[in-house]
Amino acid sequence: QPVIFLGADVTHPPAGDGKKPSIAAVVGSMDGHPSRYCATVRVQTSRQETSQELLYSQEVIQDLTNMVRELLIQFYKSTRFKPTRIIYYRGGVSEGQMKQVAWPELIAIRKACISLEEDYRPGITYIVVQKRHH
């Protein structure tokens, strides 16, 4: 069964540097091994929210639907198969942010699938990867 592996993260400017934007990147496997990858990158626009809302909104990837859609199209062009499963690895999300970030991103991934074909609903596995876990 064809599976696409996606990896996503958002990088932020240094604290106090409000002039530089955050950057989001998503990479996706392009073959069955997986050994070939394609990447898509977006500048994240700044928003005006309370400090708590800002904490979550800065981590949710804007335009994720289109980013995933692009990678699904590339996967199909490369393999001639639609993935039956999406394995999504997400970095940079703290334990306190998981629900607020995972839910809108899962919806965005599902929308990407439906935008390609109304009844296209591959299984989605959402995995949060944490580097600082001591």
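Derivation of every value follows stated rules applied to the coordinates shown; laboratory data play no part. Keep in mind it's a predicted model, so treat the numbers as computed, not measured. FYI the Cβ positions are ideal-geometry reconstructions off the backbone, even for glycines, and counts take in every protein chain you see.
Taking only C-alpha pairs under 8 Å that are 6+ residues apart, what is the relative contact order of segment 3-129 in percent?
In percent, rounded to a whole number, it is 27.
Could you give the dipole magnitude of the chain about its Cα centre, charging the beta-carbon of Lys and Arg +1 and that of Asp and Glu -1, in debye to the nearest 20? Walk me through the numbers before you get to the answer.
On the way: 17 positive and 13 negative charges, 61 e Å.
Dipole magnitude for the chain comes out near 300 debye.
Using only the C-alpha atoms of the chain, find the volume of their convex hull and express it per residue in Å³.
Taking only Cα atoms, the chain has a hull volume of 122 Å³ per residue.
Straight distance only, please: which aspartates and glutamates reach the Cα of Lys131 with their own Cα at less than 13 Å, same-chain residues fewer than 8 apart left out?
Asp9, Glu95
Which whole-Hz ³J(HN,Hα) couplings does segment 82-91 yield from phi under the Karplus relation 6.51 cos²θ - 1.76 cosθ + 1.60, θ = phi - 60°, glycine and proline marked x?
My calculation for segment 82-91 gives 8, x, 8, 8, 10, 9, 10, 9, 10, x Hz in order.
Antiparallel as a % of all DSSP beta bridges within the chain, to the nearest 5?
50
Given the C-alpha centroids of segment 87-110 and segment 19-38, what is the distance between them in whole angstrom?
That distance is 16 Å.
Express in nm, to one decimal, how much length is gained between Val128 and Cys38 on full extension, taking 0.36 nm for each residue of separation and deducting their alpha carbon distance.
That pair, Val128 and Cys38, stretches by 30.4 nm at full extension.
Helix 98-116 versus the longest principal axis of the chain: what is the Cα-based angle in degrees, 0 to 90, to the nearest 10?
40
With springs only between Cα atoms under 10 Å, which of Arg36, Arg110, Arg85 fluctuates most in a Gaussian network model of the chain?
Arg36
Kindly express, to the nearest 10 degrees and within the range 0 to 90, the angle between helix 64-79's C-alpha long axis and the longest C-alpha principal axis of the chain.
Taking the Cα atoms of the chain, the angle to 64-79 is about 30 degrees.
Taking only DSSP H segments of four or more residues, each worth -39500 (n - 2.57), what value at 222 nm results for the chain once the sum is divided by all its residues, to the nearest 500 deg cm²/dmol?
-10000 deg cm²/dmol, from helical runs alone.
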